[in-house]
Amino acid sequence: MLRRLGSLNDRINAPIAGFISAFSLALDVKSRKELIMILTMSRAIDASINLCESVKIVPVIKHKYVIIWVLFSAFLQITFCIQPDILNRGMYNFYIKWCLPTKNDMQLVDVWIRQWKNQAPGF
């Protein structure tokens, strides 16, 4: 927009554009920030894996996306059991509906959370 208004100097345009984009993210809703972060991280992970495969650092795996999905799904389930407060509300509600916990199950999760926070030995 600054170029169209007549300022062709990128040394001036870049900091102004960066400030405006950061300011708009600061004013944005938390759930949209989380979505932008998740989309950016997933794209960065995908690009990193493809780059490593093209440079032959990592061998090409036929079903890499299924393996990645299983790993991250297991990570989210462990997170649900140990630190559910870091999950967003939608993911937390999904796991509550998905696992159909009983009262005893939720008490067990509470024990795991307290052990994790107290750094109990053997956990």
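The values are calculated or read from the model by the stated rules, or taken from the named source; none is laboratory data. As the structure is a prediction and not an experimental result, all values here were calculated from the model. Here the Cβ is made from the backbone with ideal geometry for all residues, glycine too, and neighbour counts use every protein chain on show.
A few comments on the model shown:
- Boolean, ARG4 is modelled with pLDDT under 90, exposed (fewer than 11 other Cβ atoms within 10 Å of the Cβ) and closer than 30 Å to ILE113 by Cβ: no
- Top-ranked residue in region 78-109 [being among the polar types (S, T, N, Q) and under 24 Å from MET37 (Cα atoms); ranked as surrounded by the most Cβ atoms within 10 Å (Cβ to Cβ)]: THR79
- Residue count for region 49-62, restricted to those that are loosely packed, with under 12 Cβ neighbours inside 10 Å and modelled with pLDDT of 90 or more: 7
- The condition of being within 30 Å of ARG3 (Cα to Cα), under 14 Å from the mean Cα position of the chain (by Cα) and loosely packed, with under 11 Cβ neighbours inside 10 Å holds for only one of ALA22, ALA26, ALA44, that being ALA44.
- Out of VAL60, VAL66, one residue alone is more than 30 Å from VAL111 (Cα to Cα), of a type in the set (A, V, I, L, M, F, W, C) and in contact with an Asp or Glu (Cβ under 7 Å, 6 or more places away or on another chain). It is VAL60.
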